[in-house]
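Right, one structure below, let's go through it.
Every number here is computed from the coordinates shown, using simple stated rules; none is lab data. Keep in mind it's a predicted model, so treat the numbers as computed, not measured. Note: ideal-geometry Cβ built from the backbone for every residue, glycine included; neighbour counts use all protein chains shown.
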Amino acid sequence: MSILVLADLHEGELAATTAHVVAAAQQVGGDIDVLVAGEGVQGAADAAARFDGVSRVRLADHSVYAHQLAEPLSALIVALADDYTHILSSASTTGKNVLPRVAALKDVSQISEVLAIDSADIFKRPIYAGNAIATVKSDDALKVMTVRTTAFDAVSEGGSAAIEAVDTVVENTQSQFVKEELAQSDRPELGGARTVISGGRGMGNGDNFKLLDGIADKLGAAVGASRAAVDAGFVPNDMQVGQTGKIVAPDLYIAVGISGAIQHLAGMKDSKVIVAINKDDEAPIFQVADYGLVGDLFELLPELERKL
Amino acid sequence: MKILVAVKRVIDYNVKIRVKADHSDVDLTNVKMAMNPFCEIAVEEAVRLKEKGTATEVVAVSIGPKAAQEQLRTALALGADRALHIEAGERVESLAVAKLLAKVVEEEQPGLVILGKQAIDTDNNQTGQMLAALANMPQGTFASEVVVEGDKVNVTREIDGGLQTVALTLPAILTTDLRLNEPRYAKLPDIMKAKKKPLESKSPADYGVEVASRVSLMKVETPAERKGGVKVASVDELIDKLKNEAKVL
Ligand SMILES: Cc1cc2nc3c(=O)[nH]c(=O)nc-3n(C[C@H](O)[C@H](O)[C@H](O)COP(=O)(O)OP(=O)(O)OC[C@H]3O[C@@H](n4cnc5c(N)ncnc54)[C@H](O)[C@@H]3O)c2cc1C
Ligand SMILES: Cc1cc2nc3c(=O)[nH]c(=O)nc-3n(C[C@H](O)[C@H](O)[C@H](O)COP(=O)(O)OP(=O)(O)OC[C@H]3O[C@@H](n4cnc5c(N)ncnc54)[C@H](O)[C@@H]3O)c2cc1C
């Protein structure tokens, strides 16, 4: 078995998710290469080389790979694909954007959001918003798959893999980067945070999310939101937790003013401990919460912040 | 410019599914089916582009059982001009769907193809990307804003870190995210009119596409259910439980 892991980058740095994908690759078993593709990403390659279990880092550092646009990046991976039996990435928006393209170009299926690896060709994945778990067997010679990073513990660091430059430069006349507006935050990243506090429509407006910020600061938590809160413009899209947003599985998830629709639960029900704060004691969120506190969030949040 | 929209028939998003007792699959007998919500957003965007004069014709296509024609009629009621149904089993895999759509693209030569970012049943999030690869077109996935300008389309994409804008050369593939638009409801007169709009039916064989499955479904299980816990009476009790019982503070 030989496995290629596509590294996730965030503003040119190696994203924490990559260590989880390497862990999934270890469960498949075999030689593991990590592909770092971008512009000015030597630092990310150095970081990837330190992961345990990585045999080699392949570094494609060129302006055509800047911002990891799908068209050139998929062409690059296809050019390397013949060396591998498995190609893995995280189920990040980059992985989801690029890998299905690779799969189609290699005429194979893609297995999405893998959350367990039974063998080199049998995998478990959630369907129907996580209300069912399917065990699927891929009959393709090349397995292309995205991995749900919350389902695999990160590998540790201590390795020193060789870094090899990839000279392949593909052409891209089809797509062009225009701009990026990235959320700036000193808080932990939502997908990897140990504690997450999320607000829903009950927060009333964006300003009131400050009530969550204070608590998040005390707990070192990331702040998330329901779709309703994002749609209403309270907070930006990158904060949406759920079936069609981000999947989180922290040690502690605090849902405030969130009713608990199945699409929201799909994104957080694997959290270790769930706390719900809601004024409606019949809200469905209480059916999954370990600790429920019924009451008005505008009174309870300031009190919680004070007492923590 | 012509716009092609792919719509999928899926379980209604409000329905809680059940897994069959023999774990062979989920049980879809007698459950309410509907158009995939992301596909509704795709149809809406296409119709708006037509209303603005950017597009001249909107063609909806669906691959699936005969009943998928219901969702095509819905697309027609929402403003699509004609529909194409490719009759196939319930479980055509994304790659086969993309291959069929690529053939339709070849035939229809649309300037834009709009798909949902993900079907809420299998949650794959891959068909549009696969189609883009097979049709050799650029892709704007997870779109929250689409602006057509000359021979380019500017697409704002919802990505993990925030928003990214790319400029794509037409023809291009788009997949919709939740905030692209708010789909309208079909009005009764439009539903009546839709019954008279053209709906053509074809088979995968007409396109010479093999829909054989590459991924076999071995088992479907219900995930471990979470049990509801306790209600606490006060903030003090909550903090105490989190500290001393759950040990997460
Ligand atoms: C295709 C599709 C995809 C979707 N994807 C997602 C997704 O990824 N993530 C997601 O979250 N949703 C998603 N949804 C939406 C989902 O169905 C719900 O509409 C949404 O989660 C509701 O958000 P909410 O709980 O914040 O709002 P509501 O359901 O309106 O709940 C608000 C809650 O706040 C409580 N409240 C109000 N005021 C107070 C107060 N002062 N104090 C305490 N409590 C208060 C109320 O009792 C209520 O329970 C999706 C829907 C569709 C159709
Ligand atoms: C339990 C189970 C697990 C499965 N796992 C996998 C798997 O891991 N990999 C795999 O390749 N297949 C898998 N399949 C097969 C799966 O049914 C098909 O892949 C799926 O039906 C095709 O759509 P999608 O969910 O991939 O669409 P997505 O890529 O999630 O849908 C995106 C958009 O594509 C368009 N679209 C998708 N299907 C159609 C259609 N039939 N007609 C018109 N437009 C369409 C729509 O615009 C839709 O919004 C699985 C099936 C089952 C039952």
### Summary
Within the range A:208-235, residues free of Cβ contacts under 8 Å to residues at least 24 places away in the same chain, surrounded by fewer than 21 Cβ atoms within 10 Å (Cβ to Cβ) and within 14 Å of ligand 1 (Cβ to nearest atom) come out as A:231
### Task
Answer with yes or no whether residue A:118 is more than 14 Å from every other protein chain (Cβ to nearest Cβ), charged (D, E, K, R) and out of contact with any Asp or Glu (no Cβ under 6 Å at 6 or more places or on another chain).
no
#### Entry: Enumeration of residues in the range B:166-189 that are of a type outside the set (Val, Ile, Thr), away from ligand 1 (no atom under 15 Å from the Cβ) and within 11 Å of chain A (Cβ to nearest Cβ)
B:167, B:168, B:170, B:171, B:172
## Note on the structure
Looking across the range B:134-189 at residues that are assigned to a loop (DSSP other than H, G, I, E, B) and within 16 Å of ligand 2 (Cβ to nearest atom), the single one that is nearest to residue A:171 (Cα to Cα) is B:137
### Task
Would you mind stating whether residue B:92 is within 14 Å of chain A (Cβ to nearest Cβ), buried (at least 24 other Cβ atoms within 10 Å of the Cβ), away from ligand 1 (no atom under 16 Å from the Cβ) and among the β-branched types (Val, Ile, Thr)?
no
### Task
Filter the range A:285-300 down to residues that are surrounded by fewer than 24 Cβ atoms within 10 Å (Cβ to Cβ) and closer than 20 Å to residue A:232 by Cβ and give me whichever is nearest to ligand 2 (Cβ to nearest atom).
A:297
### Task
Residues that are in contact with a Pro (Cβ under 6 Å, 6 or more places away or on another chain) and closer than 14 Å to residue B:83 by Cα: find the strands (runs of 3 or more DSSP E) completely inside the range B:1-51 holding 1 or more of those.
B:2-6
### Query
Out of (1) crowded, with 22+ Cβ neighbours inside 10 Å; (2) in contact (Cβ under 8 Å) with a residue 40 or more places away in the chain; (3) touching a helix residue (DSSP H, G or I) at 6+ places or on another chain (Cβ under 6 Å), what's the single condition that is false for residue B:74?
(3)
#### Entry: Residue match in the range B:21-29 (condition: closer than 30 Å to residue B:112 by Cα, surrounded by fewer than 13 Cβ atoms within 10 Å (Cβ to Cβ) and without any contact (Cβ under 8 Å) to a residue 40 or more places away in the chain)
no
### Query
Looking only at residues in the range A:262-280 that are within 9 Å of chain B (Cβ to nearest Cβ) and within 9 Å of ligand 1 (Cβ to nearest atom), which one is surrounded by the most Cβ atoms within 10 Å (Cβ to Cβ)?
A:277
